[in-house]
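Single-structure report; data block below.
The values are calculated or read from the model by the stated rules, or taken from the named source; none is laboratory data. The structure presented is a predicted model; accordingly, all values stated were derived computationally and were not measured. Glycine gets a Cβ as well: all are built from the backbone with ideal geometry, and neighbour counts include every protein chain shown. These area figures cover heavy atoms from the full protein model, side chains too; ligands, DNA and RNA do not enter into them. Shrake-Rupley method; radii C 1.70, N 1.55, O 1.52, S 1.80 Å.
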Amino acid sequence: MNKLKIKRLDWDSAFFGFEVGEGDHYSDYSEASKFDLLVIKQKKDEDICLFDFEKKFQETKVIYDKKLISLDLDSFNDSIKDFDEEVIDKSEFYSLAFESGRYSRFKLDPKIPDNKFKLLYTKWVDNSVDKKIADKLFYTRNSQEVTGFVTLKNNDFFSTIGLIAVSKNYQGKGLGKRLLLKAEHYCMTQNVFNLKIPTQKENVLACHFYKKMGYEINQEVIIKHYWKKNL
């Protein structure tokens with residue numbers, strides 16, 4: 001069986017300013033020297049020996065899934081704002097976006113500069129607001145600041161949560177549940193009855209929250225960062 005060559009990640013390479021490639025346990029790594037960072041994705045944890053590279057980071061990405069059948073109307077609160085109807089400065093979402101990414105590989109990999117992590121999540125908010133990667137953004141706000149928000153992308157047969165975050169001062173008060181219920185309600189109004197949420201297995205609190213909300217793990221993938229030595 002012919003092995004697939006490493007795939008160059010064009011957007012990542014341009015954004016980070018170094019060559020990024022993607023492969024799996026069975027890829028052909030004969031041209032690995034062309035890259036500064038290799039992102040290796042595996043279904044199970046297997047060691048890879050790459051000459052002149054060393055592993056600097058590893059995480060397990062999980063995708064939660066839920067079939068939307070009914071809505072918990074007792075917990076539903078429609079005071080949550082729709083960005084399409086009540087537009088505010090998108091910069092108000094940035095700090096919460098950074099908080100939502102605290103378990104991200106782009107935050108935790110010590111080789112990735114913090115300013116790049118923040119710029120990445122800033123662009124994520126910008127592209128969500130501009131509807132390039134999201135169809136809806138719902139948020140809550142007190143008199144001074146945004147306290148929580150969620151972004152949502154619809155596909156033909158399912159929807160996906162992009163970002164979901166709650167201010168530290170409002171965590172543990174049911175705000176995350178309200179935001180997620182709002183997203184579920186919107187999906188059902190669009191005749192979409194399956195919702196997926198990606199997160200990291202290492203984010204124990206988030207995983208516990210999604211399980212409590214009726215979500216189950218649909219997919220797991222191990223992601224490893226192998227960096228060229230002496231970079």
Subject >> Within the chain, helix-based [θ] at 222 nm, where runs of 4 or more DSSP H residues each add -39,500 (n - 2.57), nearest 500 >> reply: -7500 deg cm²/dmol
Original post:
Using unit Cβ charges (K, R positive; D, E negative) and no other charged atoms, how large, in debye to the nearest 20, is the dipole of segment 1-147 about its Cα centre?
Top reply: 460
**OP:** When a/c is below 1.5 the answer is rounded, else prolate if a/b is larger than b/c, else oblate, so apply that to segment 98-231 with a ≥ b ≥ c taken from the square roots of the Cα gyration tensor eigenvalues.
**Re:** prolate
Original post:
Ordered by residue, what ³J(HN,Hα) values in Hz, to whole numbers, does segment 128-144 give under the Karplus form 6.51 cos²θ - 1.76 cosθ + 1.60, where θ = phi - 60° and Gly and Pro are x?
Top reply: 6, 4, 7, 6, 7, 10, 8, 9, 9, 9, 10, 8, 10, 8, 8, 5, 10
Subject >> Built amide H within the under 5 Å cut-off of LEU137, gap 5+ >> reply: PHE83, ASP84
**OP:** Take every DSSP beta bridge with both residues inside segment 1-47 and express the antiparallel ones as a percent of the total, to the nearest 5.
**Re:** 25
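Compactness ratio of the chain: Cα Rg over 2.2 N^0.38 Å, N = residue count?
So the Cα radius of gyration is 1.10 times the expected 2.2 N^0.38 Å.
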Subject >> Portion, in percent, of the accessible area of the chain that falls on carbon or sulfur, probe 1.4 Å >> reply: 49
Original post:
Quick one: in segment 57-143, what % of C-alpha pairs are over 23 Å apart?
Top reply: 41
**OP:** Run the dipole for segment 79-231 about the Cα centre, Lys and Arg Cβ at +1, Asp and Glu Cβ at -1, nothing else charged, and hand back the magnitude in debye, nearest 20.
**Re:** 720
Original post:
Got a sec to turn the phi values of segment 207-220 into Karplus ³J(HN,Hα) couplings, 6.51 cos²θ - 1.76 cosθ + 1.60 with θ = phi - 60°, whole Hz, x for Gly and Pro?
Top reply: 4, 5, 4, 5, 4, 5, 8, x, 8, 10, 5, 9, 7, 10
